[in-house]
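The values are calculated or read from the model by the stated rules, or taken from the named source; none is laboratory data. Since we're looking at a predicted model, the values are computed, not measured. As a convention, Cβ positions derive from the backbone with ideal geometry for all residues, glycine included, and neighbour counts pool all protein chains shown.
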Amino acid sequence: MLPDTLDFRFAKFIERRDADIIPDRAYPNPQALAEALAHQFALVQPKQPRVVQLHPLRLGVVNWVTYAVRFDSARGEVVVTMNGVEGRAHVGTLDYRYDGALEVIELGGPSLRLSRGTRGYCVEFLPWHRQWSHSLVLAAALGLALAMALGSLAGWVGGLGYAVHVLEDQLGYLGSNLFWPFTRRRFDGLRLLHASDAIPNTVTVWVSLMLLLLNLDRAQEMPLIASGPFLGFAVLAPVALLIAIYARRKWRRYVASLEVERNRDVLAESEDAVS
């Protein structure tokens with residue numbers, strides 16, 4: 001948990017922000033928000049990125065104005081949705097690699113880092129997250145420090161535990177800055193899963209609990225669990241089943257997205273033919 005603790009307890013609160021996007025109290029509407037965010041892209045200079053914080057609007061104790069932001073890379077537009085109503089503003093060529101809409105909900109929203117790249121405007125989601133804290137170099141340094149202070153076993157456990165967290169995060173969309181302080185930017189994730197996906201989280205928790213149970217049993221003078229059958233039936237079998245279910249769902253979503261993209265291309269060609 002240490003890498004995320006460093007991010008969510010420290011890095012998040014020391015981030016330097018260049019602008020704040022918040023709904024107008026008198027007349028909150030998605031079009032104004034879309035145009036305000038698009039204006040921030042226009043202010044980006046070469047080698048001078050801007051960090052923009054998205055905020056909800058608090059009207060009362062439990063009354064908030066919330067919205068969602070997404071980036072339509074095909075049209076080069078910022079899209080803001082509020083209460084089912086969309087607002088759009090043109091930006092230009094977008095290089096946006098995170099997936100899905102960004103929800104700006106009660107208590108706070110995400111920040112974005114806007115910069116100019118070779119493929120247009122680059123949009124980085126949560127620029128303070130998975131930067132210096134999610135480094136394999138830092139994992140090695142932690143392992144070395146623990147080994148010097150508590151012994152080699154503590155060093156291996158601490159260093160490898162930290163590294164496993166970093167590498168596991170690399171399976172998602174956001175990626176990590178794997179070799180800080182020698183690199184400055186996050187490496188792209190493998191885009192295999194989302195942090196909110198139920199099955200990968202269930203697999204992680206289940207494997208952790210089963211291994212903890214096995215280790216506690218092995219610490220007894222007379223262990224009661226046979227390691228081989230336990231690992232086969234309590235760990236490998238359910239994990240393989242859950243991964244198969246998850247892979248099937250991902251494949252179906254991929255096929256559906258191809259169909260949507262194909263229909264969009266057909267519609268665009270039809271509109272071009274008519275015009």
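Could you pull out the residue among V157, V203 that is under 23 Å from A237 (Cα atoms), modelled with pLDDT of 90 or more and of a type outside the set (D, E)? I'd like the intermediate steps shown before the answer.
Details: V157 fails: under 23 Å from A237 (Cα atoms).
Only one candidate passes the filter, namely V203.
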query: Under the condition of being under 20 Å from G172 (Cβ atoms) and of a type in the set (S, T, Y), which residue from the range 65-109 is nearest to the chain's Cα centre (by Cα)?
result: Y98
- prompt: Taking the stated definitions as given, is D217 among the charged types (D, E, K, R), touching a residue at least 12 places away in the same chain (Cβ under 8 Å) and surrounded by 15 or more Cβ atoms within 10 Å (Cβ to Cβ)?
  reply: no
Any chance Y98 is over 30 Å from S208 (Cα atoms), crowded, with 18+ Cβ neighbours inside 10 Å, aromatic (F, W, Y) and touching a strand residue (DSSP E or B) at 6+ places or on another chain (Cβ under 7 Å): no
- prompt: Has the range 4-14 got any residue that is outside any helix (DSSP H, G or I) and in contact with a Ser or Thr (Cβ under 8 Å, 6 or more places away or on another chain)?
  reply: no
task: Considering only the range 55-78, state which residues are hydrophobic (A, V, I, L, M, F, W, C), out of contact with any helix residue (DSSP H, G or I) (no Cβ under 8 Å at 6 or more places or on another chain) and over 17 Å from T93 (Cβ atoms).
output: L57, L59, V61, V62, W64, V65, A68
- prompt: Which condition does P46 not pass, out of (1) modelled with pLDDT of 90 or more; (2) touching a strand residue (DSSP E or B) at 6+ places or on another chain (Cβ under 7 Å); (3) not polar (S, T, N, Q), if it passes all the others?
  reply: (1)
query: If E124 passes every condition in (1) touching a Lys or Arg at 6+ places or on another chain (Cβ under 9 Å); (2) surrounded by fewer than 19 Cβ atoms within 10 Å (Cβ to Cβ) but one, which one does it miss?
result: (2)
Pair list, Cβ under 7 Å, 6 or more apart: the range 151-164 residue over 20 Å from W132 (Cβ atoms), other residue hydrophobic (A, V, I, L, M, F, W, C) and at pLDDT 95 or above: A154/L146; A154/A147; G155/L144; G155/L146; G155/A147
